[in-house]
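Below: the structure, in structure tokens.
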Amino acid sequence: MLNEKKLQDAYIISGLRTALGRGKKDGAFSQTHPVELGSILLKELIRNVNVNPEYIEDVIVGCATPCGEQGFNIGRQIARKAFGDKTPGTQVNRLCGSSAEAFDIACAKVMSGNYKLILAGGVESMSRVPMGSDMMPFAGDLKNIWKILTLGPKVVNLTMLEGLEVISMGISGELIAKKWKLSRKELDEFSYNSHKKAAHATSSGYFEKEILPVKTPNGVVKRDEGIRANVSIEKMLALKPAFKFDGVITAGNSSQITDGAAGILVANEDALKEYGLKPRAKFIASHVIGSDPELQLTGPIDVVPKVLRKAGFTINDIDLFEVNEAFASVVLATQKELNIPNEKLNVNGGAIALGHPLGVSGARLLVTLLNELERRNLKRGLSVLCIGGGQSIATIIERV
Amino acid sequence: MKNQNAYIVDAIRTPIGRGKEGCAFSDVHPVDLGGVPVKELIKRNNLKPTDIEDLIYGCASPIAEQGLNIARTIAITALDVTVPGVQLNRMCGSGQQAVHFGVQAIMSGAHDLVIAGGVESMSKINIGSDGLPLPGKEKPTLPQSFLKNFKSNPMGISGELMAEKWKLTRRDLDEFSYQSHMKATKARENGYFNKEIISVQTLKGLVEKDEGIRPETTVEKIGTLKSAFKEGGVITAGNSSQISDGASALLLASESAVKKYNLKPRAKFIDFAVVGTEVELQLTGPIYAIPKVLKRAGLEIKDIDLFEINEAFASVVLATQIELKLNPEKINVNGGAIALGHPLGASGARLLTTLLYELERRNLKRGISSLCIGFGQGIAAIIERV
């Protein structure tokens, strides 16, 4: 019986991601079905570590827009396509934190001893299923988009909107820039550096270990498509504000709209022994919070101290941080509040350069974090994401 | 360190409304409907909304009014902006899966106090609408290679195939369905559901009772219905689950939360299982999930006092009963989804809730809740009163 079982550690056996494609009509993965993309990745992930697909007890897939081609419980659709009918699967949505959540769930499952070996990950094709499509009225009702949010109370008994200001992410990005007194120049410089760091990591081959090349109708995709190696601060400063006319947030200092998939194989001690698996890292702690829905994206500032306290660490005990670059203002505000050293933060760039496939980014950050901890021979890393509507999720891992 | 026990401290559900225009909850937003049991759990257990560490909610059609991570919108409106929320979809197993995730989080020490459940407003969001093409993308534009060797039947056809395979006649199915209505009628009349149901104030008035139960039905009446999925078939609207609106939620706590908040645990989780199954028959999940969970727990069929097996179709429950040699007197003793309805993402939590109250009413110990799931999955859990 479960409650007589020993609490076990959860380990990362392997982590892998696709390259990130631009989430546009002609983007690298725009002709690839999200179920296909996710299943190619997960299949190869376990093949790389010689795991029999029959050992996979559940597949938990984060997806922030679970409709259209990502509908019908895409977790199960991917599990079936990759491993056959006998592998169950479920979809989870904590918006931008979806696959971080999938990973945390997988860890809790194996720690409780109820499962031994779980695949967690995320998939998002923003070129095919645009952000917010899950809030749209149904097909054919295009002219009534957002009616649900704006006219809701007239049609239904909708108390929901009374306490729930719906603000665009960009406006929250602006509010954060204002509150932390971040200038346009600071945001653009940060973003320029994101591109430079990512370009350097790519040309130096740092990402090669974590990226699975994927064959598509557009050719084999093995490099992140969003990185602009030749970007300059001047070019960035020339961009127009995207959300308000006198604002500081532009397309250049925001995360990119992106397609991709990422996966992590999670095992407990029983599975290590039984299947002879070699762990690369251990799950230390995770934490999730709700935060102010108006500033919306300030969650990392509150969740990082909480997850550190849970694990008994301080900022100094963490060797590398991955803070999702939803907007440059989010990362800079977090950095200021928590005193995270520059040289430990998003060392290979972030979503501003690489892109932000919503449901994928949590797992993508963890995969990149693990890979970079290994490359630098460091021990402990923390990844954290802000989440639309005001949430945040943070995870600490440690190499073993 | 040993695993923490995960306790069910409380469980509650809304009445189940018919999932049609003009019915009990058709003018209630799913975010509001989903918040009803959540608020009540807080209130009657003397908790603060901020005591809840996460709200985990199942929803099988997570779009439109149910979109944008409905768990978080419910957390904000029913609890507090500082309470996070996550939506998940394991289709008809979503509500129970939410509870599993909550229990695992507690057992692993990640959380101490969570609410898990599910909501579905089928009157607003039709089953399958999450898989429809997006507005403006009505025509498939891809060579959909993933559709090759990716066959799946409509649920009803799988219901037919199961009836055929287990040699179930139309009469068998109708008789079973009649009994579901009769058991539910009796339970309602005797007030067995009173404790588990929270009434809901809507624009049309107070909804206090399940709307789908037909006390006046007869086997003969059910027998006159036309087959719904194929000519000459045996599956009809009468021996299938009803399309419904509803919500259900459970308050789950660790031992330390029980002490800290002075809560009284009512049951604990013994074990659970999920399985993938063949997709053509599609709905045979309980046949595999129940033995799996029993084996994991070191228990046998005879150790289980009551079973809740979701009545997606009468053929599903009867096939499971035949295959696992279950005693019909222990199955769905107060009726099931054929009489009460099947709000997809809520049903798993609804089954666990009904199971808990009935174990208590009969002073029994241990129960199993299991659901079949579209595209071939199954889920099962064992709970035990404490």
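The values are calculated or read from the model by the stated rules, or taken from the named source; none is laboratory data. Everything numeric in this text was worked out from a predicted model, so none of it was measured. Quick reminder, even Gly has a Cβ in these numbers, built from the backbone with ideal geometry, and neighbours come from all protein chains shown. Only protein heavy atoms, including side chains, enter the accessible area calculation; ligands, DNA and RNA are left aside. Shrake-Rupley method; radii C 1.70, N 1.55, O 1.52, S 1.80 Å.
Points worth noting:
- Within the assembled protein chains, the solvent-accessible surface assigned to B:Trp166 is about 40 Å², based on a 1.4 Å probe.
- Largest GNM mean-square fluctuation among B:Leu173, B:Leu250, B:Leu359, using chain B with Cα springs under 10 Å: B:Leu359.
- Listed by chain and number, the aspartates and glutamates whose C-alpha is less than 14 Å from the C-alpha of A:Lys181, apart from same-chain residues fewer than 8 away, are A:Glu337.
- Cα centroid separation, segment B:322-336 to segment B:50-108: 30 Å.
- Mean-square fluctuations from a GNM of chain A, with a 10 angstrom spring cutoff on Cα atoms, peak among A:Lys278, A:Lys235, A:Lys306 at A:Lys235.
- Extension gain, A:Arg309-A:Glu374: 0.36 nm per intervening residue step, less the Cα-Cα distance, totals 20.9 nm.
- Those lysines that a straight Cα-Cα span of less than 16 Å connects to B:Lys268, excepting residues fewer than 8 apart in one chain: A:Lys5, B:Lys2, B:Lys259, B:Lys365
- Full extension of the chain between A:Asn48 and A:Asn218 yields a length gain of 58.7 nm, computed as 0.36 nm times the residue separation minus the alpha carbon distance.
- Note on exposure: B:Glu21, B:Glu216 ranked by accessible area (1.4 Å probe, complete protein assembly) read B:Glu21, B:Glu216, with the most exposed listed first.
- Counting only protein heavy atoms and a probe of 1.4 Å, the accessible surface of chain B is 52% carbon and sulfur.
- The alpha-carbon of A:Lys24 sits under 17 angstrom from the alpha-carbons of these lysines, leaving out residues fewer than 8 places away in its chain: B:Lys137.
- 1.4 Å probe accessible area per residue over chain A, in Å²: 35 Å²
- Cα shape, chain A, gyration tensor, a/c 1.5 rule: rounded
- Spin-label zone in segment B:49-73 - amide nitrogen under 15 Å from a point set 7 Å from the Cα of B:Lys260 along the C-beta vector: B:49-55
- Between A:Gly27, A:Gly68, A:Gly205, the Gaussian network model of chain A with springs among Cα atoms under 10 angstrom shows the greatest mean-square fluctuation at A:Gly205.
- Sites B:Ile301 and B:Asn363, calculated FRET efficiency, Cβ-Cβ separation with R0 25 Å, nearest 0.05: 0.75
- Shown are B:Tyr57, B:Tyr7, B:Tyr288, whose ranking by accessible area with a 1.4 Å probe and every protein chain present, most to least, is B:Tyr288, B:Tyr7, B:Tyr57.
- Pairs of lysines in segment A:248-400 (C-alpha under 23 Å apart; 8 or more residues apart or interchain): 14
- Among beta bridges that DSSP assigns inside chain A, antiparallel share in %, nearest 5: 70 percent
- Gyration tensor verdict on chain B (Cα atoms; rounded if a/c is under 1.5, prolate if a/b is larger than b/c, oblate otherwise): rounded
- Accessible surface ranking that places the most exposed of A:Glu398, B:Glu196 first, with a 1.4 angstrom probe: A:Glu398, B:Glu196
- Put simply, chains A and B cover up around 6700 Å² of each other's accessible surface, both sides summed, when a 1.4 Å probe is used.
- Listing of segment A:70-84 residues, each with accessible area lower by at least 40 Å² in the full protein assembly than in the chain alone (probe 1.4 Å): A:Phe72, A:Asn73, A:Arg76, A:Gln77, A:Arg80, A:Lys81
- For segment A:25-70 and segment B:170-204, distance of Cα centres in Å: 41 Å
- Full extension of the chain between A:Ala238 and A:Ala251 gives 3.6 nm of extra length, using 0.36 nm per residue less the Cα-Cα distance.
- Take every DSSP beta bridge whose two residues both sit in chain B; close to 70 percent of them are antiparallel.
- Note that chain B presents 34 Å² accessible area per residue, ligands and nucleic acids not counted, probe 1.4 Å.
- Expected 222 nm ellipticity per residue - DSSP helices of 4 or more, -39500 (n - 2.57), all of chain A, to 500: -10000 deg cm²/dmol
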